[in-house]
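Accompanying notes for the structure given below.
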Amino acid sequence: MSTTTPRRRRTIATALVAKLDSWSPFWGPQLIVACAIALQFALPERLTVGPSWLLPGVEALLLIGLVFFSPQQHLHHSPLRRRVAIGLIALVSAVNAVSVILLAHYTLRGHAKNGIALTFSGIALWGTNVLLFALWYYEVDRGGPVARLLGEKYYPDFMFMQMTDDGKQNVPPDWKPGLTDYLYLSFTNATAFSPTDTMPLTATAKWLMSLQAMVSLVVVILVVARAVGIIQ
C-alpha cells in the first residue's frame, strides 16, 4: 500500500507533464510568468508604474507572447519567437527594476505609512527577480531552449556541475539543463550574491548574474532595514 501510492502519484505526475508537453513544450516558462504576475498583485500602487493593473498587464502580455510564439507540434527554431521572448522578458525586467527603485525611494525617505506592507512588497519583488532571471538564463544559454532541444551546437553560457568530469558520472550522457536547473541557478545567485556550483562562462552570463546579484542585494538591504525599523 505504501509502495503503490508513491508510484501512482509519480505516474499521475508523469502523465500530467507529458500532457502539458504535448500542448506546449515551453509550458514551464509560461507558468513562471504566471507566478510573476501573481506576485505583482502584492505590490501597492505607489510601487507600480502607473495604475496598479499596468505591471500585471505587461506581464500578461509577456505570457501571451510566449504562448503565441511557442511551437506547438513541430519543434523548429524561430529567431522571431526568441527575439520576442527576450524582448518581453526585458520589458518586464525593466518595469520590475523601476518598482525596486520606487521601493528604495519610499524606504529611504520614510514616506511609507505601512512598513509591514512595504516589507512584503520587497519580498514580492525579490521573488519576481528570481523568476525573471531564471527566464533570462533559460533563454540565453546555448542559443535558447529550442536550440538545446534540437541539439544545435552552441557554446554553453553556464558550466553546470553535471557538465564537469565528476558530475558526468551521475547523469545520462545526453544530459542537458532544464528549467529547474535555471531556477536553481537564479535562486542561489539571488541568495548568495555570487555563483555557487554553476559558473558563468560568457560575458552575457556574467553581466546577467552580476545584475541579478546587485538587484537582489539592494532589495534584501531595503527589506532588512524596514524590518529593523518596524521592530524598533
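Taking the stretch 28-39, which residues are buried (at least 17 other Cβ atoms within 10 Å of the Cβ) and over 20 Å from Ile86 (Cβ atoms)? Leu39 - this is the single residue of the stretch 28-39 that is buried (at least 17 other Cβ atoms within 10 Å of the Cβ) and over 20 Å from Ile86 (Cβ atoms).
With a requirement of 3 or more residues that are at pLDDT below 85 and among the small types (Gly, Ala, Ser), the helices (runs of 4 or more DSSP H) lying completely within the stretch 143-232 that satisfy it span 203-231. Taking the condition of being hydrophobic (A, V, I, L, M, F, W, C), in contact with a strand residue (DSSP E or B) (Cβ under 8 Å, 6 or more places away or on another chain) and either free of Cβ contacts under 8 Å to residues at least 12 places away in the same chain or closer than 18 Å to Ile86 by Cβ (or both), how many residues in the stretch 196-223 meet it? Going through the stretch 196-223 one residue at a time, the tally reaches 3.
For the structure I just gave you, tell me whether Met161 is touching an Asp or Glu at 6+ places or on another chain (Cβ under 6 Å) and surrounded by fewer than 18 Cβ atoms within 10 Å (Cβ to Cβ).
Considered against the rule, which asks whether it is touching an Asp or Glu at 6+ places or on another chain (Cβ under 6 Å) and surrounded by fewer than 18 Cβ atoms within 10 Å (Cβ to Cβ), Met161 comes out as yes.
Going by the structure shown, is Phe120 modelled with pLDDT of 85 or more, within 29 Å of Phe41 (Cα to Cα) and not in a loop (DSSP other than H, G, I, E, B)? Judged against the criteria, Phe120 is not a match. Taking the stretch 78-87 as the range and being open to solvent by 30 Å² or more (accessible area, probe 1.4 Å) and either in contact (Cβ under 8 Å) with a residue 12 or more places away in the chain or among the hydrophobic types (A, V, I, L, M, F, W, C) (or both) as the test, the residues that pass are Ser78, Leu80, Arg82, Val84, Ile86. Residues that are touching a helix residue (DSSP H, G or I) at 6+ places or on another chain (Cβ under 9 Å), surrounded by fewer than 11 Cβ atoms within 10 Å (Cβ to Cβ) and at pLDDT 70 or above: does the stretch 45-65 have at least one? Yes, because at least one residue in the stretch 45-65 is touching a helix residue (DSSP H, G or I) at 6+ places or on another chain (Cβ under 9 Å), surrounded by fewer than 11 Cβ atoms within 10 Å (Cβ to Cβ) and at pLDDT 70 or above. Taken together, the criteria place Val171 among residues that are surrounded by fewer than 14 Cβ atoms within 10 Å (Cβ to Cβ) and either over 18 Å from the mean Cα position of the chain (by Cα) or of a type in the set (D, E, K, R) (or both). Of the residues in the stretch 136-150, none is under 24 Å from Ala85 (Cα atoms), open to solvent by 70 Å² or more (accessible area, probe 1.4 Å) and free of Cβ contacts under 8 Å to residues at least 40 places away in the same chain. Is it fair to say Thr202 is of a type in the set (Ser, Thr, Tyr) and within 29 Å of Leu43 (Cβ to Cβ)? No; evaluated as a whole, the condition is false for this residue. With respect to (1) more than 21 Å from Ala97 (Cβ to Cβ); (2) surrounded by fewer than 16 Cβ atoms within 10 Å (Cβ to Cβ), the lone exception for Met214 is condition (1).
The values are calculated or read from the model by the stated rules, or taken from the named source; none is laboratory data. No experiment lies behind these values; they were computed from the predicted model shown. Cβ: placed from backbone, ideal geometry, glycine included. Neighbour counts: every protein chain shown. Calculation scope for accessible area: heavy atoms of the full protein, side chains included, ligands and nucleic acids excluded. Shrake-Rupley method; radii C 1.70, N 1.55, O 1.52, S 1.80 Å.
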